[in-house]
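Report on one structure; see the data block that follows.
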Amino acid sequence: MLIDPRFRRHLHWAIALTLLVNAASLFTPIINEGDSVLYAALSQHIALTGNWTDLVLDQTDWLDKPHFPFWVTALFFKLGGVSTFNYILPGFLFHLLACYYTYRLARMLYGRDVALLALLVVVSVYHLMYTSSAIKAEAFLTGSITAACYYWLRFDAHAKAKYLLLAALFSGISVMTKGVFTLITIASGLACVWVLRGQWRNFWNPKWLLALAISLVCTAPEVVALYLQFDAHPDKVVFGSTGVSGIRFFLWDSQFGRFFNSGPIKNQEGTPLYFVHVFLWAFLPWVAAFVAAVVAGLRSFAGQSPTERSHFVFLCGSFFVTFVLFSATAFQLDYYTVILFPFAAILCARYLAQWLQQGEGAGFFVAQAGVTIAILALVLGLAAYVANPQLLGMLALLGAAVLVYALLQRQPLRRIVVLVYPVAAVNLLYLFLEAMTLSAYLRYSVPYNVDRLLADDRSTPIYVVGLDPTIAWEIGIYRSAPSVRLPDVERLPRQGAPYLLLLRESERAALPDNLGPANVVAQGDWVNHKTGILPRQLRLAKGEEPLERFTLLRVAPQAAP
């Protein structure tokens, strides 16, 4: 046994506390990301209208992502009401699903001890922690891909109907979350193993052709929904044109169009090393472990048993094939590669187990200690820059708790430094950044402060004029009354029931004379667009980001004749 029972309990506690820290984001009153607000608004429309086939935003047909994440979130909205909690919860549950199947996959490949270490790694990877609270499609995708890979590997060894159906189901969910390119990630590891073994016939074996067919059948709900919304209505204007096929977009433009940067949605800023740079921070605190695992695996590859070689090739194929494809395209966003982190976690866990078995060498100990010190230095540096007394107090308490824990341990120091301290450090980093962001948004977010100011008025509709689109969507999520986005004041209603109006104070003078009485309800100095890269978030937290003056009015237009 590599891990003795006493130290196993320490790992259990580290895993449980990390999941609790991560789960704290469920209770935030604010949706942090702009894309998350957009996805919540799309899900809200489904829940409120009962139209499960159409994705609609600002009363306009929306064609970009597949339906599955919106269906699941809309179901949670239906069951528990529209709220930040019910938006984050389904994505977080899929994150837990990814952690569970990472454990199952590692246990199947390497046994119980490696599985426990893989679970420790995957729950404490920084970007996985972040994407499980700033919910986008990747939170759902990581869970479904990991589960699909597990069941396809089981089906490859034992052709049981249970494995086939579950693998096809999770593969279908992956496609209905992000598109057909996800099948490359799901199949790449197994395909590399077939190549290693010379099992070329598997590529056209009826067993696997049937598996592909059933997987595609599981995507039928997405195809039907797209047909009903777009292909059955060629007169709809989408991307400035009529005759747009939702099915073609789903199968080609949203996938290969983005890969070759030739579709209607483009990004010209990609670089081949972008995801290498991202990985250096996104996979903290286990970057050194991953590099060491890959190098050690390659060095010992020739001397491994056929089974060990197959396992290593499966994990490397699952990770690197998609990583290289992402790096080759110009359409790049930092959160794309989190779907690969469960496979990287298992590679790390295998190396950590070997490190424990071979006498806990000094080189890797120094590397992990260096990573931990670097993370702590980053947290302390950011805290000093922001100079927030509450955040500094929180860090002091947590640091004291970690110090007390260290002093009470009777375990070998190297094990604690390599396996426990990095987890504690990344938890401190995650907590600090989440608390810093929340503190800044509570002060400067337009939707949150407008909702707070209108706590006693939940029924009056509000018009948002000339502001960032996410502001109107986010206000609509927090309030039960309609929230309508308008490009300019000329489109405001001149007749009808009273309504609320939100705009920049600088644009108030442009209000039409025939609008009717407009009385000030509240004013505030906030930011129009709250999200951004870390330097901007730090300036916002420190109070150095330029603010704008916003005015909330209550308008009483003339009664209809």
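The values are calculated or read from the model by the stated rules, or taken from the named source; none is laboratory data. What you see is a predicted model; the values in this text were computed from it and never measured. With ideal geometry, Cβ positions are generated from the backbone for all residues, glycine too; neighbour counts draw on all protein chains shown. Remember, those area values only see protein heavy atoms, side chains included, never the ligands or the DNA or RNA. Shrake-Rupley method; radii C 1.70, N 1.55, O 1.52, S 1.80 Å.
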**Matching residues, segment 224-271, being at pLDDT 85 or above, over 13 Å from L55 (Cβ atoms) and under 24 Å from the mean Cα position of the chain (by Cα)** = L251
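Name the one entry in A187, A211, A232 that is within 21 Å of G317 (Cβ to Cβ), open to solvent by 30 Å² or more (accessible area, probe 1.4 Å) and small (G, A, S). Step through it out loud before you land on a result.
Values: A211 fails: open to solvent by 30 Å² or more (accessible area, probe 1.4 Å); A232 fails: within 21 Å of G317 (Cβ to Cβ).
Being within 21 Å of G317 (Cβ to Cβ), open to solvent by 30 Å² or more (accessible area, probe 1.4 Å) and small (G, A, S) holds for just one of A187, A211, A232, which is A187.
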**Complete:** Of those in segment 165-181 that are open to solvent by 10 Å² or more (accessible area, probe 1.4 Å) and in contact (Cβ under 8 Å) with a residue 24 or more places away in the chain, the residue nearest to Y336 (Cα to Cα) is K178
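Could you pull out the residue among A353, A374 that is open to solvent by 20 Å² or more (accessible area, probe 1.4 Å) and at pLDDT 90 or above?
Values: A353 fails: open to solvent by 20 Å² or more (accessible area, probe 1.4 Å).
That would be A374, the only listed residue that is open to solvent by 20 Å² or more (accessible area, probe 1.4 Å) and at pLDDT 90 or above.
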**Odd one out for V489, checked against (1) over 28 Å from T84 (Cβ atoms); (2) among the β-branched types (V, I, T); (3) under 33 Å from the mean Cα position of the chain (by Cα)** = (3)
**Request:** Report whether or not A289 is part of a helix (DSSP H, G or I), open to solvent by 30 Å² or more (accessible area, probe 1.4 Å) and either over 24 Å from F140 (Cα atoms) or touching a Phe, Trp or Tyr at 6+ places or on another chain (Cβ under 9 Å) (or both).
**Result:** no
**Request:** Could you check, for segment 439-448, whether at least one of its residues is modelled with pLDDT of 90 or more and not in a helix (DSSP H, G or I)?
**Result:** yes
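Just need a number here: residues in segment 81-96 that are in a helix (DSSP H, G or I) and open to solvent by less than 40 Å² (accessible area, probe 1.4 Å). Lay out the reasoning, then the answer.
If we filter segment 81-96 for residues that are in a helix (DSSP H, G or I), which is where we start, we get 84-96.
With the extra rule that they be open to solvent by less than 40 Å² (accessible area, probe 1.4 Å), the set shrinks to 84, 86-92, 94-95.
Within segment 81-96, residues that are in a helix (DSSP H, G or I) and open to solvent by less than 40 Å² (accessible area, probe 1.4 Å) number 10.
I'm trying to understand the selection: among the residues of segment 52-64, which are open to solvent by 30 Å² or more (accessible area, probe 1.4 Å) and either aliphatic (A, V, I, L, M) or in contact with a helix residue (DSSP H, G or I) (Cβ under 8 Å, 6 or more places away or on another chain) (or both)?
The initial filter retains those residues of segment 52-64 that are open to solvent by 30 Å² or more (accessible area, probe 1.4 Å), namely 52-53, 58-62, 64.
Matches in segment 52-64: W52, T53, D58, D61, W62.
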**Item:** Selection status of Y126, open to solvent by 10 Å² or more (accessible area, probe 1.4 Å), in contact (Cβ under 8 Å) with a residue 40 or more places away in the chain, under 30 Å from T372 (Cα atoms) and under 17 Å from the mean Cα position of the chain (by Cα)
**Value:** yes
**Request:** Could you look through segment 6-51, keep only residues that are open to solvent by 50 Å² or more (accessible area, probe 1.4 Å) and closer than 18 Å to S445 by Cβ, and pick out the one that is modelled with the lowest pLDDT?
**Result:** D35
